[in-house]
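The structure appears right after this line, and notes come after that.
The values are calculated or read from the model by the stated rules, or taken from the named source; none is laboratory data. Quick caveat: nothing in here was measured; it's all calculated off a predicted structure. We place every Cβ from the backbone using ideal geometry, glycine too, and count neighbours over all the protein chains shown.
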Amino acid sequence: MRLLRMRHKSGGSDKSGLKFSKKDSKIKRLGEGISGSVDLYKLKKIAGFTYVVKTYHCKEGYESNKEYHARVLHEYQVLSQIDNINFIKVYKYSVSFNGLNVKIFMQTGSDNLFNLLRRNTIEPTENLCLWKQICNGVRYLHANHLCHRDLKLENIVVDKNGFVKIIDMATCTSTSDKSIGVVGSDHYISPETITSIYYDGGKSDIWSIGIMLYYQLNHKFPWKSARLSDSTYVAFKQNNHLVDTCNLPDPIMNSENQEVGIESVLRNLPRESIPLLSHIFQIDPTTRCSIDFFYNDNWFDAVASCTESSRCSFDHSRLVLV
C-alpha cells in the first residue's frame, strides 16, 4: 500500500466525532520552543478524555501564508494518512484568521521515552517490547514508502493502552527519492547523514533504531556523534564488519584504552542479538539491513511485544502520567 500524495488543505476536518471547544480546560503546558508550544487539554464533554494541541507561530519572513501552512501542516498531512497503532493520531487542525497561528489537535500520550527511562525502572525485557513496537511502526512506514529521519527516544510516547506511539513527523519524507540535509539529533543520526549530501532516509532510520536500543538497555549512548571528531566512534569505525555468530572475541584496545571495532557496541547488547545488530550498525548504508531483515531473525522473532492481537507480560500503561 502506498500512502496518498501529501497535499495541503485549507481546513481541517475532524473524523473522530469529537467536539472540541474553547471551553475545554488546559491542564498544563508540555513544551515550548521557538516554533511554538504544546499544551495538554481536557475535553469538557467527555469525562477523563485528554488531547494535545500543538500551536505553531513561526512564519518566516520569506514565506507566504500558503508556504508557511504547507510547512507546518506537513506533519498533519502525513499522520492523517497513517492507519497504524504505533503512530500518534491527529484529530483536526485550525488556522487563525490572520493565518499566523496554526493548531494541530492530536492524541495524548506519556512523557517521551527518554524521560521515562530516566524516571522509571524499566526491565530489559519490557524495553525489548517497547523497541519492537517501534520497529513495527517503522516497518509500516517503510512499507508505505516513507521514512521518519528523526527517530529518537524523545519522539516516542506510550498511550493509555500501553502501545508505543511514534510522534513528530515533521521531517518525514518519501523513500522514492534520496533524502537531503542533516536532520535529527547528534546521538542518533547515521554517519552518511553527516558525510553525504544525498542519502537513503530509510537506512538512516535503521541506524537510529539501533542507537535507541543501545540506550534503552545501557542507559547511555555508544558515542556523542557518529563523526570523525568523536574518538569513541572512530574506534568503533576501525573494524566495522558483519558478525554471524553470537560469540565475540576478546576485546582489542587502542592506545587510548578504547575497544576497537563493532564489537565495542555489540558487547553491550543481548548475546543472541549480535548477528542482527551487526547488520544494523553497518557504517556503509548499502550493507546495512532493511527493516524487513529484522523479521527473518530468530532472536527478533522471539521478542515478545504488544500488538493489537497479543500482549507481552508488562503493563506499559503505568508509564502514562497526566
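Okay, here's what the table says:
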| item | result |
| --- | --- |
| Meets criteria (assigned by TED's automatic domain parsing to the domain that holds Pro124, in contact with a helix residue (DSSP H, G or I) (Cβ under 6 Å, 6 or more places away or on another chain) and within 25 Å of Val182 (Cα to Cα)) for Gln238 | no |
| Subset of region 61-99 that is under 22 Å from Glu308 (Cβ atoms) and among the polar types (S, T, N, Q) - its residue that is surrounded by the most Cβ atoms within 10 Å (Cβ to Cβ) | Asn86 |
| Filter result (assigned to a helix (DSSP H, G or I) and of a type outside the set (Gly, Ala, Ser)) within region 159-211 | Pro191, Glu192, Thr193, Ile194, Thr195, Lys203, Asp205, Ile206, Trp207, Ile209, Ile211 |
| Residue satisfying all of: in region 118-131; in a helix (DSSP H, G or I) and over 16 Å from Asn155 (Cα atoms); modelled with the lowest pLDDT among these | Arg119 |
| Selection within region 100-154 - touching a Pro at 6+ places or on another chain (Cβ under 9 Å) and surrounded by fewer than 19 Cβ atoms within 10 Å (Cβ to Cβ) | Pro124 |
| Test: residue in region 132-143 that is within 29 Å of Pro270 (Cα to Cα) and modelled with pLDDT under 95 | no |
| Answer residue from region 254-267, given it is over 16 Å from Leu242 (Cα atoms) and out of contact with any strand residue (DSSP E or B) (no Cβ under 7 Å at 6 or more places or on another chain) and is surrounded by the most Cβ atoms within 10 Å (Cβ to Cβ) among those | Gln258 |
